[in-house]
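First comes the structure, then the notes that go with it.
Please treat every number below as a calculation from the coordinates, not as lab data. None of these values were measured; they are calculated from a predicted model. Cβ: placed from backbone, ideal geometry, glycine included. Neighbour counts: every protein chain shown.
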């Protein structure tokens, strides 16, 4: 069951004329507001734009900016652009995996962190880079990972 | 006091500096200056500008007209800058840039190799102006080209001018821009559309982002000129959603341009109408492909279609459409203002003008650069880029992103232009230039790009989807020590099929990173397959880290840097790595000052 | 106009697809995603050919490549053969047990795949014909989902779709028999949904789902024809015509 207030979806829809060309923008706005695309909102979009649900589902699974699953309170984005990759971003990802016990694309059991990899944040000069919510961390070394994550509260698998 | 005392501080707020918290520096400066009792006749303006280029040394700021530039500025440096430089015209020595080629600190950007060798056309205003100010843009000659075109040129003459300039599309393939416009203008159907591709999806590339953030009006002006030439009244900018600053600045610029009559009805009193709207990209690399991008604007999944009927004939909503990328559009006003002949005098015979690159990876001066076409890779990497970081050895440079290839040291003297890069199996692409050193594994690089493409392929056609998947499987095997002797042959053969038989440009160029590394670094592949070792020490399954006892001084830096507690030892005695705990991150190797941490193959 | 395919002169219309011209002239080019009534997928890429126009040779997909002028087409050059074999290899790696692909593999003399492993139960090659057919009927119950190597065809959330009417057009056009449609005891199972089948009022055979008939009625109006299977409908039409002649 999704116990959420969807009145904002209506507001988003009314912001756009009911034309197919605004579909992506509408879905992005919903994603931004709810941090994911609730299933019920897809049905509202279907009714508003008269686009089949299958096409909406197709869109929501095609574009990386859209997600059908709720994300964690803090979203960790580790850049795996080429510059970061050759400066060992994979090791950073591995370290976060170890600390939080999640793989990229998933959320911790307590809903606190989501881990994502992104393909270049344009900050290649300070690679490897990771971003938590809107805060940037440049030249990240694996030994820094635990301390950085701890800034966001106690870590689940940490011993007391 | 005279006018000369009006000074401007330009604080770089490009992506590199921003991630180094340059906005904090900007805010602190603003606060300090408003509080400081600066003499009334000295007016200091602070501007948050777009990328000034030398991202490696960010945050950076420049003081004009004194032509002073400071690098690596921290918030804590601000009081001193205000006190010494702004109030007392003294230089803060410590913040000056150290020019390696002359081994001294320099005051002006012009004295550096990094800036001295560049030529800025597309980036002419980036880092110089406040992107939020249309006055800044106009002050530097902005919208003059549009005015000129509307009052002096027929649409056909605009196209002829662009054709004559020799401008080729900066988005990758290098199709002649004028010819594209001509084809579109010839179509009878209407309406027609112009599109700006700002979906810059190549990892390791941020040129277009910097132009959109730092000089949004140049793109708007270019599009308006293009629209006039091909008879379009509606334009779309497809901008990556992650580039929220670019979107914000562009939205603001469009608003301003409308207010000033550079967009909208009867532009500058002519009978030409044109307006632009922004479409946010959905996060799909394939949408850099023009037909996929158009599908995305139409509100569909970004799947390309076969391009046997070109988009200049049937593009967006089946109508004639001209699509160019950000840098191409930004070049248009320059060509109109300074003339096709002048533009054509820059560059090589078949590649005219300049090209913007994001120079990143294992190079000293990472950053955003613009150089005349035809400059050699060596000049770019060793002069502008300052050579390889940490004194390591140059190994390869990757151009063209996931569609490009890796160019080895033996070819580093080739000129950088569309055709030379094509010839060596790479491509210009949109301008990512990633420098790799001996600690980069070329097989891993090839695998990296294929993994990227396996996620980013739209999955529509068989060769691309299944071919990439299987090539990736082989590369994963090779990197993990399961490579088979005939794998290299299979890779080359599948590569050919994917290249030739795929539906769109993504698939057609997807094998390039594999094919070029196979061509130039075959020995490294063979080491992985036959000897089960990774010479660069990157592929974890094929690498063992160890400490050379003869070289270890027992300083303990390696132990401090180790995130997994795998290093043990007593001070001033050789340390040792516990292989069972080692996660092979290379931190110890980076930390060691004596080169005592080494790798060897597992075999 | 005239074009030359494998050395044979063939009459062609401007804009006609090369594949169609070839087939009309008895030249076989393999294709899985091509269906005459639903042209333009261009996803399976088996129908690649080499085309020489104005002295330049290039590889094109014949099912969407239009004839626009003089050209020579090579449907079976060494290069095309080699690449087509690779495409069949890729298909067979994806769906190793599929009968259609096995047959293709044998036709092209390919050995069973050993380097790559695939899902034994996989039959879909993602040609997109089913989605296209579903869209053309105006239903759009299924769609492609995800992208890249994760792509698949499904109903929204992989659940029984509200929109699906069980018409079976998807299964009908599928070139590899990948869509499982099962009619048993008056029930049709398709895309995780069960449909009640309706008997033809004339012959008594099950012929369509209740939802399909409802949909047809809504679309084309209340017509008696909706109560008969296709065979009977044709027969009735024939009888009517015969009767009118007799008069």
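Remarks
- Hypothetical label at residue C:150: residues of the stretch B:277-301 whose amide nitrogen lies under 15 Å (7 Å Cα-Cβ projection): B:283-286
- Its alpha carbons give the protein assembly as shown an Rg and a Dmax of 30.7, 116 Å.
- Footprinting exposure proxy ranking of B:213, C:201, fewest other C-beta atoms within 10 angstrom first, gives C:201, B:213.
- For chain B, diffusion coefficient by Stokes-Einstein and Kirkwood Rh (Cα), 37 °C, 0.692 mPa s, µm²/s: 127 µm²/s
- Once the C-beta distance of residue B:89 and residue A:20 is scaled by a Förster radius of 56 Å, the resulting FRET efficiency is 0.35 to the nearest 0.05.
- Ellipticity estimate at 222 nm from DSSP helix runs (n ≥ 4, -39,500 (n - 2.57)) divided over the protein assembly as shown, nearest 500: -10000 deg cm²/dmol
- Peptide packing for B:557-563, C:4-10, C:189-195 was compared via the average number of neighbouring C-beta atoms within 10 Å per residue; ordered from the highest value, the list is B:557-563, C:189-195, C:4-10.
- Potential lengthening between residue A:143 and residue A:40 on full extension [0.36 nm per residue; Cα-Cα distance subtracted]: 32.8 nm
- Among beta bridges that DSSP assigns inside the protein assembly as shown, antiparallel share in %, nearest 5: 65 percent
- Where labels lie 7 Å past Cα in the beta-carbon direction, separation of residue C:183 and residue B:105 in nm: 8.8 nm
- Per-residue Cβ neighbour rank within 10 angstrom, fewest leading, A:63, A:152: A:152, A:63
- For the segment C:81-93, counting C-beta atoms of other chains within 10 Å of every residue's C-beta and taking the mean gives 5.
- Choice from A:19, A:95, A:43 with maximal GNM fluctuation in chain A (Cα, 10 Å cutoff): A:19
- Relative contact order, whole percent, for chain B stands at 11, derived from Cα pairs under 8 Å and 6 or more residues apart.
- Part-to-part distance (alpha-carbon centres) for the stretch C:27-86 and the stretch A:20-44, which is given in Å: 40 Å
- Label zone (residue B:602, point 7 Å along Cα-to-C-beta; backbone nitrogen cut-off 20 Å) within the stretch B:461-494: B:472-488.
- Average beta carbon contacts from partner chains per residue of B:449-458, 10 Å cutoff: 4
- Computed E for residue B:266/residue B:67 - FRET, C-beta separation, R0 41 angstrom, nearest 0.05: 0.45
- GNM result for chain C, Cα springs below 10 Å: residue of C:127, C:170, C:200 fluctuating most strongly: C:200
- Neighbouring Cβ atoms from other chains, within 10 Å of the Cβ of residues in B:498-511, number 3 on average.
- Within a Gaussian network of chain A (alpha carbon springs, distance under 10 Å), most fluctuating of A:12, A:93, A:76: A:12
- Centre separation in Å (Cα based) which lies between the stretch C:146-195 and the stretch B:153-211: 44 Å
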